[in-house]
Amino acid sequence: MLSVNNIDVYYEKMQALSNVSLKLNEKETIAVLGSNGAGKTTMLKTISGIIRPEKGNIYLGNTQLNKIPPYKIISNGISHVPESRRLFGQMTVEENLIMGAFEKSLWKKRKEKLNYVFDLFNILKERRSQKANTLSGGEQQMVAIGRALMSNPEILMLDEPSLGLAPKIVEQIFELIQNLKEDGIRILLVEQNVNIALEVSDYAYVLENGEITLEGKAKELQNNKYVKEAYLGI
């Protein structure tokens, strides 16, 4: 289980997260909902070890993640697909994917994992020698997800995977999320498309101004009056 316990996070003197807690259990997808600036990306960066909390702790099983460097967090089974993909534009698709297997224990299995990613995204196999910055937005998102999967994660954190994509591609990405869950990968999803996020999730948290203001089963939040008015426009 991934457990985030009462974390406070600051950017210099500005507090970005206040007393935030969440849990991700086995065979579960959870969504974190909220407007721009609510602290969703900060939360993922803190779990990844890019930012350290001033208070609280983060555990994956018995391992305290906020006490180890980011590369060890990856080797412990957590991969992060950042907002806006963050690809190496001048490198090829294949080179970008292989970067996800840089850790020593993963490097030996890079060819096996590369074939796994190419099976998921056939178009990337066709584009394997193409530079990442020449791909469409949807193809770049596939590379970003594929790179994260190269580390053989138990938990996949996705930050705004539908951002800037055409509806048809968004549908494909969220179908993939469902398939990954069926393969046993737990998903922590940050997504502004609240309706589709709740459709694919088991549980959800609402993050506002750096604080968790609401949480519950995804189906229940779909029918919550506040969520409908604030996030679904109903």
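What follows is calculated from the coordinates using simple rules that are stated; it is not laboratory data. Worth saying up front: this structure is predicted, and the values here are computed from it rather than measured.
Quick one: which residues, 5 or more positions from Leu214 or on another chain, have an amide H under 5 Å from its amide H? H modelled 1.01 Å from N in the peptide plane, none for Pro or chain starts.
Val206
If you wrap a convex hull around the Cα atoms of the stretch 25-94, how much volume per residue is inside, in Å³?
146 Å³
If amide H atoms are built 1.01 Å from N in the plane of the peptide, which residues on other chains or at least 5 residues away come under 5 Å of the amide H of Glu28?
HN-HN under 5 Å from Glu28: Ile187.
Taking just the alpha carbons, could you work out the radius of gyration and Dmax for the stretch 166-207, both in angstroms?
10.4, 28
Just from its helices, what would the mean residue ellipticity at 222 nm be for the chain, if runs of 4 or more DSSP H residues each count -39500 (n - 2.57) and the sum is divided by every residue, rounded to the nearest 500 deg cm²/dmol?
Rounded to the nearest 500, the figure is -9500 deg cm²/dmol.
How large is ³J(HN,Hα), in whole Hz, for each residue of the stretch 174-183 in order, when computed from phi with the Karplus curve 6.51 cos²θ - 1.76 cosθ + 1.60 and θ = phi - 60°, using x for Gly and Pro?
6, 5, 4, 4, 4, 5, 5, 4, 5, 7
Could you derive backbone 3J(HN,Hα) for the stretch 134-148 from the dihedral phi with the Karplus parameters 6.51, -1.76 and 1.60 (θ = phi - 60°), listing whole Hz in sequence and x where the residue is Gly or Pro?
9, 7, 5, x, x, 5, 5, 5, 4, 5, 4, 5, x, 4, 5
For the chain, modelled as a GNM with alpha-carbon contacts under 10 angstrom, which of Thr213, Thr92, Thr46 fluctuates the most?
Among Thr213, Thr92, Thr46, the largest mean-square fluctuation in the Gaussian network model of the chain belongs to Thr213.
Could you pull the Cα extents of the stretch 80-193 along its three principal axes, largest to smallest, in whole Å?
So the extents along the principal axes, rounded to whole Å, are 37, 32, 21.
Quick one: Debye curve from the alpha-carbon atoms of the stretch 87-152 only, equal weights, vacuum; give me log10 I(q)/I(0) at q = 0.15, 0.19, 0.25, 0.29 Å⁻¹ to two decimals.
-0.37, -0.59, -1.01, -1.31
Return the percentage of antiparallel bridges among DSSP beta bridges fully within the chain, rounded to the nearest 5 %.
55 percent
Determine Rg/Rh for the chain; Rg is computed over alpha-carbon atoms and Rh is the Kirkwood hydrodynamic estimate from the same atoms.
My calculation of the ratio gives 0.96.
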